[in-house]
There are 2 protein chains.
Amino acid sequence: MQEFSTIDGGVTAPLGYRACGVHAGLKASKPDLALIVSEQMASVAGTFTTNRVQAAPVRLCRTRLAGRRASAVVVNSGSANACTGPRGMTDAEKTAEITGELCGVDPAHVFVCSTGTIGKPLHMAKIESGIRQASACLEPDGGGDAARAIMTTDTVPKEYAVEITIDDVPVRLGGMAKGAGMIEPDMATMLAFLTTDADVDADALQRCLTAAVGDSFNRITVDGDQSTNDTVLFLANGMAGNKVLNARHAEWSTFEEAVKEVATQLAMKIVKDGEGATKFVAVTVAGAASPEDAHLAARAVANSALVKTAWFGGDPNWGRIIAAVGYSGAEVDDQKVDISFDGVAAIRNGCQCPDVSLADLAAIISRKSFSVKVELHQGSASDTVYTCDLSHEYVRINAEYMT
Amino acid sequence: MQEFSTIDGGVTAPLGYRACGVHAGLKASKPDLALIVSEQMASVAGTFTTNRVQAAPVRLCRTRLAGRRASAVVVNSGSANACTGPRGMTDAEKTAEITGELCGVDPAHVFVCSTGTIGKPLHMAKIESGIRQASACLEPDGGGDAARAIMTTDTVPKEYAVEITIDDVPVRLGGMAKGAGMIEPDMATMLAFLTTDADVDADALQRCLTAAVGDSFNRITVDGDQSTNDTVLFLANGMAGNKVLNARHAEWSTFEEAVKEVATQLAMKIVKDGEGATKFVAVTVAGAASPEDAHLAARAVANSALVKTAWFGGDPNWGRIIAAVGYSGAEVDDQKVDISFDGVAAIRNGCQCPDVSLADLAAIISRKSFSVKVELHQGSASDTVYTCDLSHEYVRINAEYMT
């Protein structure tokens, strides 16, 4: 992957976006409502949870995405507006309506996202007063405040931005994300918002986002739980002044790679801030019979409670890794499996390497970040899933995060 | 299900079985080798892990099961003899050979099981001295010692036995099991050994065991991890003096129910002793479109880290339950879902019941044992999975259980 110039900020790093984060009162004291507004109508792309139980704002965004145009995104934390009955959709629509009126944009071009507890209806008076407050304090450098307002169990806000050159003009891409638990491939309790000032064809934007999400947000897992509210939205407002980008543009691949880079960096930030996580682990399965097998096996290892607690304990327990590969459903012959940690071979052909000490392997597992590679020798497919360990803190957070 | 007369003991409760448990030295100080010997050649049935990575003793048992005859079972804890290369099978065969010689039975009728750390070859000198020691101390009431010798992270030995009447003669069924972690439907790090003094046709015995395991050991989960070594063996030595049992025998269903009862009771003991478990939970999904859907949904709820930590925290968080049903793959319309705890409705039609307080629900979740029922209103299929909560202690045990 090519190198990109990182720049400060997140969703307001590109030209023509203003944002802010305020305390609407849905949470006791922390910021809980974020607003992003584009000066010009933007093209929009989106991807959503595949959970069959979908929150009202997810259903609203899906419908609005057909129009391919967005002017604003409003996001609340503190309540997921999921399993709230017919009222949930009415409240989501009303949220868009209030935002449109107060920001002077067509409510049909307002996208709405929610994150927080399932089953609690939105407190609409608080939502309305929060949007009123937010619409009055939008700033061209307000991305940081917005990133803080969408946090739930996150411990740090998550932003990333890069600058590239297209048609000899600078083009910026920025983004913010939230998510720390209920994280699982194919979208999770995570929200991510990407912006660019590039001019991009709407269909090309969607294809580009779908591909980037497939390689980033859909390759991370914290606990294997998938949420009802996951959403990634990508706005492109064209203010950079480039010629419209699509697959036929000579610099399309530069743009694609930059989108992938921003999405990947944000996804990594989510795993690193995984609930209770003390370690960041890249699990690669190579030599699989098919891409599906590679993904199944990598995901089984990355989601195994036994594997993740061993990592927390600093234990290079490769037996739990090979057991997870065994039950993943992937084709495997254990007498052909190699496993290595940060490139140091632990087992070859399914048996412990005689020339490596457990102490050496334990030293790798004690690192804050390390990689696990499983070579199946069944074919040529490979896949990587990013995950974290399972600690006491995960249990504490989720035992104490009361309904 | 009918009532059974429970009797003391486990695998030696039926006539004609002797057993013992000894310290062979595979573990530092605890008993680690169990031996069960039948006075008469027994019919044998077995079920095994579906993990594609299978330990050498599992492969040996599978092969020997074709002969349908068993005289002895030898079990070691402390090493799983999985991922030990070609040496693994040689060691398993040698274990059977030594046992056969020392117990005076045909080595081809000796079954071998192992549990413990993956990847560590058996210490054959210790195995041999352990079998020598065990063969000298077999007792007709040695089942309890055997049950203790197969424990790994178990905190209590697990035995159960019942007596029924067949052909007007008393017939006994007993069993022992081990397992506390790596527990997942379709077999897990669990071993169970059932014995009976009934005379049972070998094919009927296998069908009976397969059905009973499907309703018991395959309906429990602790952490969703599936092991390389899971085995259930069932020996029937015919010493009770009944006429040979098969599906045409008038009292076949009595026998079938008794087998199911012993298997279910042992399975429940495994969940109740789940690593770090503080609560026992029966998760039922009803009104599913198909039996597969019911099982998928019940299993997703029972395996969700978020649901299980909420239970540990005493939180009646139904949002995490419906989210798990949503990603399970089962057909679901969240606006039709009802969820109740010990019969008290929490949500109806996907929305929180206005007439129940969270405090009332929290009081149920604080019980040592409770049930969760999810009604999907999609069809008439139902399934129940038994599980436990996810506590700090689970993390501690598995972070500290070093390779």
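The values are calculated or read from the model by the stated rules, or taken from the named source; none is laboratory data. As the structure is a computational prediction, the values presented were derived from the model and not from experiment. Glycine also receives a Cβ, built like all others from the backbone with ideal geometry; neighbour counts cover every protein chain displayed. To get the accessible areas, we keep the full protein, side chains included, count just its heavy atoms, and leave off ligands, DNA and RNA. Shrake-Rupley method; radii C 1.70, N 1.55, O 1.52, S 1.80 Å.
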So what does B:Asp201 come to for accessible area, using a 1.4 Å probe and Å² rounded to 10? 60 Å²
At 7 Å out from Cα toward Cβ: A:Arg62 inter-copy label distances (nm, ascending): 4.1
With labels modelled as points extended 7 Å from the Cα through the Cβ direction, what inter-label distance (nm, one decimal) is found for B:Asp203 paired with B:Asp360? 5.6 nm
Below 8 Å between Cα atoms, with a sequence gap of 6+, how large is the relative contact order for the stretch B:1-52 in percent? 26 percent
Expressed to one decimal in nm², the mean projection of the alpha carbon convex hull of the protein assembly as shown is 33.5 nm²
Roughly how much accessible area, to the nearest 100 Å², goes out of reach of solvent when A and B pair up, both sides summed, probe 1.4 Å? 4600 Å²
Taking the Cα centre of the stretch B:229-349 as origin, sum charge times position over the Cβ atoms of Lys and Arg (+1) and Asp and Glu (-1), and report the length of that vector in debye to the nearest 20. 220 debye
When the charge dipole of the stretch B:59-157 is computed with +1 on Lys and Arg Cβ and -1 on Asp and Glu Cβ about the Cα centre, the Cα farthest towards its positive end, among B:Leu122, B:Cys103, B:Gly85, belongs to B:Gly85
Can you give the Rg to Rh ratio of the stretch A:110-204, both from alpha-carbon atoms, with Rh computed by the Kirkwood formula? 1.01
Find how many whole Å separate the alpha carbon centroid of the stretch A:84-110 from the alpha carbon centroid of the stretch B:327-403. 33 Å
Applying 1/(1 + (r/R0)^6) with R0 = 51 Å to the Cβ-Cβ distance of A:Lys243 and B:Thr278, what FRET efficiency is obtained, to the nearest 0.05? 0.20
Taking Cα pairs closer than 8 Å and at least 6 residues apart, the relative contact order of chain B in percent is 17 percent
Compare each residue of the stretch B:80-96 in its chain alone against the assembly with all protein chains, and report those whose accessible area goes down by 20 Å² or more; 1.4 Å probe, heavy atoms. B:Cys83, B:Gly85
With the contact rule set at Cα under 8 Å and sequence spacing of 6 or more, what percent relative contact order holds for the stretch A:282-403? 43 percent
Would you kindly find the accessible area of A:His123, with a 1.4 Å probe and non-protein molecules such as ligands, DNA and RNA excluded, rounding to the nearest 10 Å²? 90 Å²
Length gained when the stretch B:Ala66-B:Thr6 is fully extended (0.36 nm per residue, less Cα-Cα span): 18.4 nm
Lysines within cross-link reach of B:Lys94: Cα-Cα under 16 Å, excluding same-chain residues under 8 positions apart? B:Lys126
Over the protein assembly as shown, with the other protein chains present, what is the accessible area per residue in square angstrom, probe 1.4 angstrom? 33 Å²
Mark the label point 7 Å from the Cα of A:Val169 along Cα→Cβ and return the residues of the stretch A:38-79 whose backbone N is within less than 18 Å of it. A:38-44
Averaged over peptide A:249-256, how many Cβ atoms belonging to another chain are found within 10 Å of each residue's Cβ? 0
Round to the nearest 10 and give me the degree value, 0 to 90, for the angle of helix B:86-103's Cα axis relative to the longest principal axis of chain B. 60 degrees
Shortest first and in nm with one decimal, please list how far the A:Ala289 label point sits from its counterparts in the other copies (point 7 Å along Cα→Cβ). 2.8
Using 18 Å as the cut-off for backbone N distance, which residues of the stretch A:279-303 belong to the label zone defined by a point 7 Å from the Cα of A:Lys336 along Cα→Cβ? A:285-298
Rank A:Ser371, B:Ser340 by accessible area, highest first, at a 1.4 Å probe radius? A:Ser371, B:Ser340
By accessible area of protein heavy atoms, probe 1.4 Å, what ranking do A:Val244, B:Val213, A:Val105 get, highest first? A:Val244, A:Val105, B:Val213
Inter-copy spacing of A:Ser369 label points, which lie 7 Å from Cα along Cα→Cβ, given in nm from shortest upward: 4.9
So if I place +1 on the C-beta of Lys and Arg and -1 on the C-beta of Asp and Glu, and nothing else carries charge, what would the dipole magnitude of the protein assembly as shown be about its Cα centre? I want it in debye, nearest 20. 520 debye
Would you mind counting up the charge near B:Ala13? Only other residues with Cβ under 11 Å from its Cβ, with Lys and Arg at +1 and Asp and Glu at -1. -4
Provide the FRET efficiency to the nearest 0.05 for the A:Glu257-B:Glu292 pair, computing r from the beta carbons and using R0 = 45 Å. 0.60
Need one number: the % of Cα-Cα pairs in the stretch B:317-403 sitting beyond the 15 Å mark. 65 percent
Taking a ≥ b ≥ c as the square roots of the Cα gyration tensor eigenvalues, with a/c under 1.5 meaning rounded and otherwise prolate when a/b beats b/c, else oblate, which class fits chain A? prolate
Long pairs among A:Lys336/B:Lys27; A:Lys27/A:Lys158; A:Lys178/A:Lys269, criterion Cα-Cα beyond 18 Å: A:Lys336/B:Lys27; A:Lys27/A:Lys158
Where does helix B:124-135 land angle-wise versus the long Cα axis of chain B, in degrees 0 to 90, nearest 10? 80 degrees
Provide a list, ordered by number, of residues in the stretch A:315-361 showing at least 40 Å² less accessible area with every protein chain present than when their chain is taken on its own, using a 1.4 Å probe. A:Asp315, A:Trp318, A:Arg320, A:Ala323, A:Gly326, A:Tyr327, A:Asp334, A:Gln335, A:Cys351
For the stretch A:263-326, rounded, prolate or oblate, judged on the Cα gyration tensor with a ≥ b ≥ c (square roots of eigenvalues), a/c < 1.5 rounded, else prolate if a/b > b/c? oblate
At q = 0.14, 0.17 Å⁻¹, base-10 log of I(q)/I(0) for the stretch B:184-321 (Debye sum, equal scatterers on each alpha carbon): -0.73, -0.96
Just the number: Rg to Rh for the stretch A:1-94, Cα atoms, Kirkwood Rh, two decimals. 1.01
Can you tell which of B:Gly119, B:Gly144, B:Gly174 shows the greatest fluctuation in a Gaussian network model of chain B with Cα springs below 10 Å? B:Gly119
When the helix-only estimate is applied to chain A (DSSP H runs of n ≥ 4, each -39,500 (n - 2.57), divided by the residue count), what is the mean residue ellipticity at 222 nm, nearest 500 deg cm²/dmol? -10000 deg cm²/dmol
Given DSSP loops and a limit of at most 10 other Cβ atoms within 10 Å, what is the longest stretch of chain A that contains no such trypsin sites (Lys or Arg not before Pro)? A:1-247
Let me spell out the model: positive unit charges on the Cβ of Lys and Arg, negative unit charges on the Cβ of Asp and Glu, origin at the Cα centre of the stretch A:126-173. What dipole size does that give, in debye rounded to 20? 340 debye
For B:Ala108, project a label point 7 Å along Cα to C-beta. Then give me every residue of the stretch B:7-43 with its amide nitrogen under 18 Å of that point. B:41-43
